[in-house]
Amino acid sequence: MPGLDIEAYQKAFEGEIEAVDSLQALEELKVKYLGRKGILAQLTGSIPQLPQGERAGFGQRANIFKNRINLLIAEKQGALIPQGGPYDLPAASGVDIGMPGYVQEPGHLHPITQTIDEICLIFSRMGFSIVEGPEIETEYNNFTGLNIPLDHPSRDAFDTFYLKGAQHLLLRSHTSPVQIREMKSTKPPLAVVVPGRVYRPDATDASHLFMFHQVEGFLVDQGIRFSDLKGILEVFLKNVFGREIKTRFRPHFFPFTEPSAEVDISCSICKGAGCSSCGQKGWLEILGSGMIHPNVLKNVGYDNKKYSGFAFGMGIERIAMLKYGINDIRLFCENDLRFLRQF
Ligand code: PHE
């Protein structure tokens, strides 16, 4: 091959690259032409020996040849590397295909929402419908309609946030006012559960929040008896806490139920023997319940000679704490992902 004949080298190169069929052969060809001791280096290295007048033109043609080599090598490389797939981005696009992408972590429902859903599902399987009521209530629905006159001492137990400037409006202190709303608008028979937020001006500590959740339940029909209440609550509590737990109905007082009972379950930790979780009692208080007071039935316009019913109400945070062994109610509203991710 003529020592300095660029055109002849170019022809030779084009023939050789045409025949290349592997990345390895391509690399060898690249070294042959562009390597430190390659043909292009020889050509440019010989420039000082050329007559003065030929040097610039020769250098230019060598440069054009070099660009041609680079172009054909890049093309050949593109043809030899498998195409397609999500990572086939042109290197020149400025996208760093080695950089990790943004991972969108799927979220999940809050443990309180999960507990509410579980409770509502159990009752809806037993034929209860699910209803909600407003968090701002009237004094009448929250107290008076429920047989709690404003001067009644039991009203102290429901310390209440009253709305400034709005007469007779308050943040409901329990979900029981939805009994009044629902019974006023629906004729018996009816069976309803009501999940929702309630508010009480309690100082916050490991077992108190000024806002928490309750689920209310009530059923009205002809011939409803206390044994119906016991049966429904027993099925419910065994569904939530397991078949082995025992239930206990303890006489209590609520103005809107008569008779009234607080319901306990046997302590799931010590199985009733007594431990620090249940205060050595072997029992854990779970909810309030009773037969709807005849005055309440009368207040909503029901014939209390013909109809009877039962009602119950439970704190959701308390149920979730017992179910999952959580010892501080504040964890539910601190939005700490280390806590929330466990559910
Ligand atoms: N409303 C009562 C409370 O908040 C619970 C309850 C509801 C009791 C229905 C009896 C019947 O403590």
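The values are calculated or read from the model by the stated rules, or taken from the named source; none is laboratory data. No experiment lies behind these values; they were computed from the predicted model shown. We place every Cβ from the backbone using ideal geometry, glycine too, and count neighbours over all the protein chains shown. With ligands, DNA and RNA removed, areas are computed over all heavy atoms of the protein, side chains included. Shrake-Rupley method; radii C 1.70, N 1.55, O 1.52, S 1.80 Å.
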(request) Find the Cα radius of gyration of the range 184-343, compare it with 2.2 N^0.38 Å by division, and give the number to two decimals. (result) 1.15
(message) Starting from a Cα-only point model with no solvent, please compute log10 I(q)/I(0) by Debye for the range 294-343 at q = 0.20, 0.21, 0.30, 0.31 1/Å.
(response) -0.69, -0.74, -1.15, -1.17
(request) May I ask you to derive the FRET efficiency for residue 80 and residue 52 from their Cβ-Cβ distance with R0 = 45 Å, giving the value to the nearest 0.05? (result) 0.55
(message) For the chain, what does the convex hull of the Cα positions come to per residue, in cubic angstrom?
(response) 295
(request) Calculate, for the range 6-93, the solvent-accessible area per residue in square angstrom, rolling a 1.4 angstrom probe over the heavy atoms of the protein chains. (result) 67
(message) If I fit a long axis through the Cα atoms of helix 111-125 and take the longest principal axis of the Cα atoms of the chain, what angle between them do I get, 0 to 90°, rounded to 10?
(response) 60
(request) Take the Cα radius of gyration of the range 221-276 and divide it by 2.2 N^0.38 Å, with N its residue count; two decimals is plenty. (result) 1.31
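Where the accessible area of the chain is counted over protein heavy atoms with a 1.4 Å probe, how much of it, in %, is carbon and sulfur?
54
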(request) Would you mind checking the tilt of helix 6-19 against the longest principal axis of the Cα atoms of the chain, expressed as 0 to 90 degrees and rounded to 10? (result) 50
(message) Run the helix sum for the chain: -39,500 (n - 2.57) per DSSP H stretch of 4+ residues, divided by residue count, reported at 222 nm to the nearest 500 deg cm²/dmol.
(response) -11000 deg cm²/dmol
(message) Rounded to whole Å, give me the distance from the Cα center of the range 304-343 to that of the range 127-178.
(response) 20
(request) Could you tell me which Cys residues in the chain have no other cysteine's Cβ under 4.7 Å from their own Cβ, answering none if every one has a partner? (result) 120, 333
(request) Give the cross-link partners of residue 11 among the lysines, using a straight C-alpha distance below 21 Å as the criterion and excluding same-chain residues fewer than 8 apart. (result) 30, 32, 37, 66, 76
(message) Tell me which of 212, 195, 177 sits at the most positive position along the dipole axis of the range 171-212, charges placed on C-beta atoms (Lys, Arg +1; Asp, Glu -1).
(response) 177
(request) Give the percent of DSSP beta bridges with both residues in the chain that are antiparallel, rounded to the nearest 5. (result) 95
(request) Provide the three semi-axes, in whole Å and in decreasing order, of the ellipsoid equivalent to the range 6-93 as defined by the square roots of 5 times the Cα gyration tensor eigenvalues. (result) 30, 14, 10
(message) Tell me the angle of helix 226-241 to the major Cα principal axis of the chain, expressed in degrees between 0 and 90 and rounded to the nearest ten.
(response) 20
(request) Could you work out, for the range 247-335, what percent of all Cα-Cα pairs fall into each 5 Å distance bin, beginning at 0 Å and stopping at the bin that holds the largest distance? (result) 3, 14, 18, 17, 14, 12, 9, 7, 5, 1
